[in-house]
Amino acid sequence: SFVSLRQRILSAVQKNATRGDPRSVIRAIDQFCSQKEWAMNVGNEKGCILDSVVSEVNPATVLELGTYCGYSTVRIASLLPPYAKFITLEFNPDFAAVARQVIAWAGLEDKVKIKPCLVEGASSDWIPKIKEQFGIKTFDLVFLDHWKEHYLSDTKLMEECGLLRKGSVLLADNVICPGAPDYVEYVRSSPRYKSHYFRSHLEYTKAEENLWYLGIIE
Ligand SMILES: Cc1ncnc2c1ncn2[C@@H]1O[C@H](/C=C/CNC(=O)c2cc(-c3ccc(F)cc3)cc(O)c2O)[C@@H](O)[C@H]1O
Ligand SMILES: [Mg+2]
């Protein structure tokens with residue numbers, strides 16, 4: 001039967017990565033996607049920027065929008081302190097199923113070093129429920145990497161639901177390629193945001209790309 005790209009990514013992890021070793025899971029996916037088949041993981045170049053932001057923010061609460069195969073979930077989770085709460089939202093059940101297995105292979109499910117709580121469903125449905133469902137007041141860090149046309153609406157929704165505070169950091173992938181122009185326009189023109197560009201390249205290519213880092217200031 002047809003084996004989907006995400007199944008091939010999972011097989012590459014199970015074949016080449018060491019169980020319980022998050023870095024080997026990241027390496028296995030990066031090797032597969034740079035040598036065999038491109039996939040829309042954030043990749044290693046932008047991944048290192050993500051790592052530096054996570055380490056700098058050292059967040060107690062993290063929200064990821066768009067789990068996909070769990071590549072950035074594993075990257076983030078492996079850097080969080082044990083008490084941290086990490087929610088990742090994915091509405092495609094097939095992607096969520098693969099991501100659960102990639103996260104489990106990295107031992108982040110078992111070791112409960114951090115249990116990224118992979119919630120199946122649309123971000124717009126779940127964002128209003130996060131406070132009472134997970135006992136989270138505000139997010140220290142949000143990583144946006146889902147459909148680009150949802151970046152702005154979900155950011156506004158997070159503001160309305162009181163999930164962002166002074167100092168919350170929003171990190172958005174792909175603001176140049178494929179691009180999120182309405183989101184960029186909104187945060188650049190809003191006095192509430194201080195924004196910073198990280199120059200990088202589209203994953204596994206030489207194409208110009210940027211991760212868009214935003215601190216919130218009231
Ligand atoms: C409202 C809602 N709620 C929950 N999950 C949601 C959700 N909306 C989407 N998702 C989930 O998130 C992922 C979607 C990611 C979309 N990412 C991209 O489209 C993307 C594309 C490229 C790219 C660049 C150049 C090209 F030529 C082609 C593609 C690079 C990237 O890095 C991308 O992220 C996917 O797993 C989807 O199910
Ligand atoms: Mg992306």
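Which condition does ALA99 not pass, out of (1) in contact (Cβ under 8 Å) with a residue 60 or more places away in the chain; (2) open to solvent by less than 10 Å² (accessible area, probe 1.4 Å), if it passes all the others?
Of everything listed in (1) in contact (Cβ under 8 Å) with a residue 60 or more places away in the chain; (2) open to solvent by less than 10 Å² (accessible area, probe 1.4 Å), ALA99 misses just condition (1).
Among the residues that make up the stretch 51-68, is at least one of them closer than 26 Å to GLU149 by Cβ, open to solvent by 40 Å² or more (accessible area, probe 1.4 Å) and among the acidic types (Asp, Glu)?
The answer is no; no qualifying residue exists.
Could you check LYS115 against (1) at pLDDT 95 or above; (2) among the charged types (D, E, K, R); (3) open to solvent by 10 Å² or more (accessible area, probe 1.4 Å); (4) touching a strand residue (DSSP E or B) at 6+ places or on another chain (Cβ under 9 Å) and say which number it fails?
The failed condition is (1).
State the number of residues belonging to the stretch 161-200 that are within 16 Å of ligand 1 (Cβ to nearest atom) and charged (D, E, K, R).
Of the residues in the stretch 161-200, 3 are within 16 Å of ligand 1 (Cβ to nearest atom) and charged (D, E, K, R).
Residue check, ILE176 against (1) more than 24 Å from ASN44 (Cβ to Cβ); (2) touching a strand residue (DSSP E or B) at 6+ places or on another chain (Cβ under 6 Å); (3) outside any strand (DSSP E or B), all met but one. Which one?
The number of the failed condition is (1).
Looking at the structure I just gave you, is TRP126 closer than 17 Å to LEU211 by Cα, near ligand 1 (Cβ under 8 Å from one of its atoms) and either of a type in the set (Gly, Ala, Ser) or modelled with pLDDT of 95 or more (or both)?
no
If GLY167 passes every condition in (1) within 16 Å of ligand 2 (Cβ to nearest atom); (2) farther than 30 Å from ILE29 by Cβ but one, which one does it miss?
(1)
So, in the stretch 138-160, how many residues would count as being within 15 Å of ligand 1 (Cβ to nearest atom) and in a loop (DSSP other than H, G, I, E, B)?
Here the count works out to 3.
Looking at the stretch 117-135, can you tell me whether even one residue there is touching a Gly at 6+ places or on another chain (Cβ under 7 Å) and either within 16 Å of ligand 2 (Cβ to nearest atom) or touching a residue at least 24 places away in the same chain (Cβ under 8 Å) (or both)?
Checked against the condition, which is being touching a Gly at 6+ places or on another chain (Cβ under 7 Å) and either within 16 Å of ligand 2 (Cβ to nearest atom) or touching a residue at least 24 places away in the same chain (Cβ under 8 Å) (or both), the stretch 117-135 yields no hits at all.
Please pick out the residue among PRO191, PRO181 that is within 16 Å of ligand 2 (Cβ to nearest atom) and open to solvent by 70 Å² or more (accessible area, probe 1.4 Å).
From the options PRO191, PRO181, the qualifying one is PRO181.
Filter the stretch 194-218 down to residues that are outside any loop (DSSP other than H, G, I, E, B) and more than 19 Å from GLU56 (Cβ to Cβ) and give me whichever is most open to solvent (accessible area, probe 1.4 Å).
So the residue we want is GLU208.
From the residues in the stretch 19-50 that are farther than 10 Å from ALA106 by Cβ and not in a helix (DSSP H, G or I), which one is farthest from ligand 2 (Cβ to nearest atom)?
Among those residues, the one meeting the criterion is LYS36.
Within the stretch 19-49, can you find the residues that are open to solvent by 20 Å² or more (accessible area, probe 1.4 Å) and over 18 Å from LEU79 (Cβ atoms)?
Passing the criteria: ARG19, GLN31, PHE32, SER34, GLN35, LYS36, GLU37, TRP38, MET40.
As an exercise: evaluate LEU163 against (1) open to solvent by less than 40 Å² (accessible area, probe 1.4 Å); (2) under 16 Å from the mean Cα position of the chain (by Cα); (3) modelled with pLDDT of 95 or more and give the number of the one condition it does not meet.
Only one criterion in (1) open to solvent by less than 40 Å² (accessible area, probe 1.4 Å); (2) under 16 Å from the mean Cα position of the chain (by Cα); (3) modelled with pLDDT of 95 or more is unmet by LEU163, namely (2).
The values are calculated or read from the model by the stated rules, or taken from the named source; none is laboratory data. Computed from a predicted structure; not experimentally measured. Heads up, the Cβs are rebuilt from the backbone with ideal geometry, glycines too, and the neighbour counts pull from every protein chain shown. Remember, those area values only see protein heavy atoms, side chains included, never the ligands or the DNA or RNA. Shrake-Rupley method; radii C 1.70, N 1.55, O 1.52, S 1.80 Å.
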